[in-house]
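Before any comments, here is the structure.
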Amino acid sequence: MTLKSRWLSIGCALALVVAVAGTWVSMASTPTQENLPLETIGTGDIEKVVLVTGVLKPAVQVNVGAQVNGQLRKLYVRQGEKVQKGQLLAEIDPTLQESDLNNTRAQLASAKAQKLSAQATLLRYRQELNRQSMMLREGSGVRSEYEQARAQYDAQVQQIDVSDAQIVQAEMAVKTAQANLSYTRIVAPIDGEVLGIVTREGQTIVSSQTAPTILVLADLDTMQVQTRISEADVQKIRPGQPLRFYVIANPDKRYTSTMGFVQPAPQEALEAPGEGGMGGNQQAMAVYYTGTFEVPNAGRELKTSMTAQVFIQIAEAKNVLRVPVAALGQALDTERYTITTVEDGKTRTRTIRIGINDRQYAEVLEGLQAGDRVVLAQDSVRG
């Protein structure tokens, strides 16, 4: 082989190596369509929700207390028992109240007897006044005796007024004593169930400014959920919005309802300084508002003080064109984003406009059609 032929062979070999290397670099740096994560644009529902935490309580709960002092003589119900409004629940020993009633009745009888006596005396004084008046007109009377009779009569009239006032006072005392005696029989103020018994039979009850609780009644047919809504979300929540929730005890079961009432002020702002509220330093901690709603509980699955995870629907779009949030590229403003599509095996960058966004899908308002294929950026999730 000549020198020229040898150099020609070496040159061809080097050219082949460079060509192969270039092809390998090109294949490694340019992903093929099959390597791109793609999704086809279609239609579906989009729901935007606010997640809050709530606590379950009976819709109606009453602490049944005693309004009089005495020993709890008898309990007529047990915990968990259903009761009807007006049903006898407990009885306090009525000895003290019966004694007070008898005493006030005796005072009333005495006041009435005193009035009868005063009326009889008034009659005598009137007769004497009439006699002295006639004698004075006839010229046989004495002025001083007439004036004395007049003064006795006027004083006795005032005594009758005092007797009337004493009778009214005694009658009020009797009514109060009768009411106190009736308070020894404690009846159910509502239909419901005995949620708990606080005071036991034989225990002495001392009633002061606040009635001591004997037992707790609740209507468990309807439960109320009290939610804590953050300051950042409170303007998004309003009465009537649909919602769903589950309780920690059974995450697989969903309950539905609608938002009932959103408290216009946080609970801390309603508490006086020194009662656990924020007082004048209301910005020292996070602010939460209370939102409440009710849910039927005929099956008694929901219990008092259970914790609920509540999803409040603040926006919804049904059967709309939607794009995965993972496909959204650069945000141009609050509604417009860049997006990458694949057309005829080639990628293309577009600008689209979106509507509501549930963190998984966004509503497509313009820029895409059903059947378009978009490239997903798996490490990019926008809310």
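The values are calculated or read from the model by the stated rules, or taken from the named source; none is laboratory data. Everything quoted here is computed from the prediction, not taken from an experiment. Cβ sites come from the backbone with ideal geometry, for glycine too, and all protein chains shown count toward neighbours.
So which residues in the range 116-144 are outside any helix (DSSP H, G or I) and surrounded by 12 or more Cβ atoms within 10 Å (Cβ to Cβ)?
Result: 141, single match.
Could you please find all residues in the range 165-181 being over 45 Å from the mean Cα position of the chain (by Cα) and surrounded by 13 or more Cβ atoms within 10 Å (Cβ to Cβ)?
Residues satisfying the conditions are 166, 167, 170.
Each row is one residue, and each column tells you yes or no for (1) surrounded by fewer than 14 Cβ atoms within 10 Å (Cβ to Cβ); (2) on the phi > 0 side of the Ramachandran plot; (3) modelled with pLDDT of 95 or more; (4) touching a strand residue (DSSP E or B) at 6+ places or on another chain (Cβ under 7 Å).
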site	(1), (2), (3), (4)
11	yes, no, no, no
39	no, no, no, yes
49	no, no, no, yes
52	no, no, yes, yes
67	no, no, no, no
70	no, yes, no, yes
77	no, no, no, yes
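Confirm whether residue 370 is under 18 Å from residue 47 (Cα atoms) and at pLDDT 90 or above.
For residue 370, the condition - under 18 Å from residue 47 (Cα atoms) and at pLDDT 90 or above - is not met.
How many residues are β-branched (Val, Ile, Thr) and in a helix (DSSP H, G or I) if we restrict to the range 81-115?
Going through the range 81-115 one residue at a time, the tally reaches 2.
Scan 331, 370 and give me the residue that is under 41 Å from the mean Cα position of the chain (by Cα) and small (Gly, Ala, Ser).
331
Which is charged (D, E, K, R) and either in contact with a His (Cβ under 6 Å, 6 or more places away or on another chain) or in a strand (DSSP E or B) (or both), of 171, 201, 193, 147?
193
Return only the number of the condition from (1) exposed (fewer than 15 other Cβ atoms within 10 Å of the Cβ); (2) hydrophobic (A, V, I, L, M, F, W, C); (3) closer than 30 Å to residue 106 by Cα that residue 205 does not satisfy.
With (1) exposed (fewer than 15 other Cβ atoms within 10 Å of the Cβ); (2) hydrophobic (A, V, I, L, M, F, W, C); (3) closer than 30 Å to residue 106 by Cα applied to residue 205, the lone miss is (1).
Collect the residues in the range 327-376 that are aliphatic (A, V, I, L, M), in contact (Cβ under 8 Å) with a residue 60 or more places away in the chain and not in a strand (DSSP E or B), keeping them in residue-number order.
327, 368, 370, 376
So the check is Cβ under 7 Å with 6+ separation or different chains; which pairs have a first residue in the range 182-207 that's in contact (Cβ under 8 Å) with a residue 24 or more places away in the chain and a second one that's in a loop (DSSP other than H, G, I, E, B) and among the hydrophobic types (A, V, I, L, M, F, W, C)?
Pairs found: 183/68; 184/68; 186/66; 194/77; 205/66; 207/66; 207/68.
Being among the acidic types (Asp, Glu) and surrounded by fewer than 16 Cβ atoms within 10 Å (Cβ to Cβ) is the filter here, so list the residues in the range 227-267 that pass it.
Listed by number, the residues that qualify are 231, 252.
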